[in-house]
Amino acid sequence: MITITTKQEMQQLAKQHKTDGNSIGFVPTMGYLHVGHLKLVKEAKKNNDIIIMSIFVNPLQFGPGEDYKAYPRDPERDKQLAEEAGVDILFMPSPGNMYQNEKSIRMTVLRRTDTLCGVNRPGHFDGVVTVLSKLFNIIMPDRAYFGLKDAQQFAVVSGLVEDLDFPLELIPVETVREASGLAVSSRNVYLNEKERIQASALYKSLQKAKELINSGIQDIEAIICEVKDYMKANMEGDIDYVELLSFPELEQITVLKGKVIIAVAVKFSKARLIDNIIIDI
C-alpha cells in the first residue's frame, strides 16, 4: 500500500491506472476505521483492480458547535488497518491541500435533505457533495462504496451522481452491526457502558417496525408510535426523530409500497446515534 497526501499526485496516479486499463474501486471515509469501513473495502475488492481509500475529516460538513476538532482520529492505526484490508492506495490530504483556493462555486443540495439528519444540520450535505465531487474528480473511480447506516447520505450522493453525470456506479453496502444489533460507528466510542447496552434498542425498535410492516399493517403513525414507545421503554437517550419515508426519495408517504426506509436518531450524553432499515414492500 502506498500513501498519498496531495490531490495533485493522487490525480496523476489515478489517471495512470485508468490509462493502464485498471478499474478503480473507491472507499471514501473520515478515518478512525472500524469493521464497517473494512467491509466496504472487502466489497470493493470483489470487482475492481485497484482499491483507493480516502481518509479526510471534511471541515465543510461540520456546523457550528459540532465535533470537527474532537472527531476521533488515529492515522497510524488507520494506515495499518487499511493495509491489512487490502487497500492499494491510501489518500490522506490535508484541508489546506483539498481547499487551496477561495471557493468561486457553492454547491447546494435541493432535495432529500429536508428530513432526518438534514433538518438539524443545515449545510451538512452541501459539504458532503462538495468534497465528494472533488474526490470523484481526483480519483475517477469506476465504483464508489457507501455504507447504508447513513442512508440519507447515500440518497443525497445518488442524486449528486445522477444530476452531474459522474461516470461511476454507487454500491450500497449493508450496515455492519455488533452482536447486540448496535450499528458500528466511529462515534460509539463516546458511549458509556450503560448507554452502549441501551443503544441496542435502536435496531430492536426498527426490527419491530419491520415485523409490523411485514404483517400487513398500513398505519404509518401507529408504526412510528410503536418504535418510539419501545425506545422510551428501553433506553434513556433523547429521541431526535423516527421517520418512515420513501427511499431514496426520502419523501413523506401515505401508503406503504415500494422501497421505504424507517430511520431513527437518538441523542445520548456525548453521542448522537442514527440507524435505519430499508424495506422493499
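The values are calculated or read from the model by the stated rules, or taken from the named source; none is laboratory data. As the structure is a prediction and not an experimental result, all values here were calculated from the model. Counting neighbours? That spans all protein chains shown, and the Cβs are built from the backbone with ideal geometry, glycine included.
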Tell me which residues, restricted to segment 89-98, are surrounded by fewer than 20 Cβ atoms within 10 Å (Cβ to Cβ) and either under 21 Å from residue 42 (Cβ atoms) or in contact with an Asp or Glu (Cβ under 8 Å, 6 or more places away or on another chain) (or both). 92
All positions within segment 108-156 that are of a type in the set (Gly, Ala, Ser) and either assigned to a helix (DSSP H, G or I) or crowded, with 24+ Cβ neighbours inside 10 Å (or both): 118, 127, 133, 144, 151, 155
For residue 69: the one exception among (1) in a loop (DSSP other than H, G, I, E, B); (2) touching a helix residue (DSSP H, G or I) at 6+ places or on another chain (Cβ under 9 Å); (3) not aromatic (Phe, Trp, Tyr): (2)
Look at residue 185 and say whether it is within 26 Å of residue 43 (Cα to Cα), surrounded by 20 or more Cβ atoms within 10 Å (Cβ to Cβ) and not hydrophobic (A, V, I, L, M, F, W, C). yes
From the list 217, 239, 253, pick out the single residue that is closer than 17 Å to residue 115 by Cβ, more than 23 Å from the chain's Cα centre (by Cα) and without any contact (Cβ under 8 Å) to a residue 40 or more places away in the chain. 253
With the structure loaded, tell me whether residue 200 is within 23 Å of the chain's Cα centre (by Cα), closer than 30 Å to residue 56 by Cα and either assigned by TED's automatic domain parsing to the domain that holds residue 72 or polar (S, T, N, Q) (or both) or whether it fails that test. yes
Is segment 81-99 home to any residue that is closer than 16 Å to residue 56 by Cα and at pLDDT below 95? no
Which one is surrounded by the most Cβ atoms within 10 Å (Cβ to Cβ) among residues in segment 157-182 that are in a helix (DSSP H, G or I) and among the aliphatic types (A, V, I, L, M)? 157
Filtered residue count, segment 190-233, keeping only those that are small (Gly, Ala, Ser) and touching a helix residue (DSSP H, G or I) at 6+ places or on another chain (Cβ under 7 Å): 3
Which pairs do you get when a residue that is over 17 Å from residue 45 (Cα atoms), found in segment 161-177, comes within reach of a residue that is in a loop (DSSP other than H, G, I, E, B) and acidic (Asp, Glu), reach meaning Cβ atoms under 9 angstrom, with the pair 6+ apart or on two chains? 167/142
Given the structure, is residue 77 in contact (Cβ under 8 Å) with a residue 40 or more places away in the chain, surrounded by fewer than 21 Cβ atoms within 10 Å (Cβ to Cβ) and not in a helix (DSSP H, G or I)? no
Restricting attention to segment 218-239, does a residue exist that is in a strand (DSSP E or B) and either at pLDDT 95 or above or not assigned by TED's automatic domain parsing to the domain that holds residue 156 (or both)? yes
If a residue has to be in a loop (DSSP other than H, G, I, E, B), touching a residue at least 40 places away in the same chain (Cβ under 8 Å) and within 19 Å of the chain's Cα centre (by Cα) to count, how many in segment 44-65 make the cut? 4
